[in-house]
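Working notes for the structure below.
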Amino acid sequence: MLGASTPATAGPVPAPAGADASCATPKMFFGSGGHHGASISCTGTTFQIAILCYKSSADYWYTHYGNVAGSGGTSTAWCDLYAEIKAITTV
């Protein structure tokens, strides 16, 4: 797990379970008002992104899950206002 002040970096993410499943490097982005989000595309299986978020003002860790996407699709998730993405994976 990353340290409390270290934002996540977009790097390889484990593909969800399944034969011939593979995922692209996740894309991280910033929304209006301080929201952090991420998306990922995978092929070979149905999947969804899961992001570990940290809100330092409340010392609060939580996971947000994106939409379920089919092979070749994209799943996107957002952290709450002023929270940072600390880890990205797929389920």
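The values are calculated or read from the model by the stated rules, or taken from the named source; none is laboratory data. Here the structure is a predicted model, which is why all the values come from computation and not from measurement. Cβ atoms come from the backbone with ideal geometry, glycine included; neighbour counts cover every protein chain shown. The area values use the complete protein model at the heavy-atom level, side chains included, leaving out ligands, DNA and RNA. Shrake-Rupley method; radii C 1.70, N 1.55, O 1.52, S 1.80 Å.
For the stretch 46-70, which residues satisfy the criterion of being crowded, with 18+ Cβ neighbours inside 10 Å and of a type in the set (Ser, Thr, Tyr)?
54
Residue check, residue 81 against (1) open to solvent by 40 Å² or more (accessible area, probe 1.4 Å); (2) among the hydrophobic types (A, V, I, L, M, F, W, C); (3) not in a loop (DSSP other than H, G, I, E, B), all met but one. Which one?
(3)
For the stretch 55-91, which residues satisfy the criterion of being among the aromatic types (Phe, Trp, Tyr) and within 15 Å of residue 26 (Cβ to Cβ)? Don't jump to the end; show me each part of the working.
Taking the stretch 55-91 and keeping what is among the aromatic types (Phe, Trp, Tyr), we get 60-62, 65, 78, 82.
Matches in the stretch 55-91: 65, 78.
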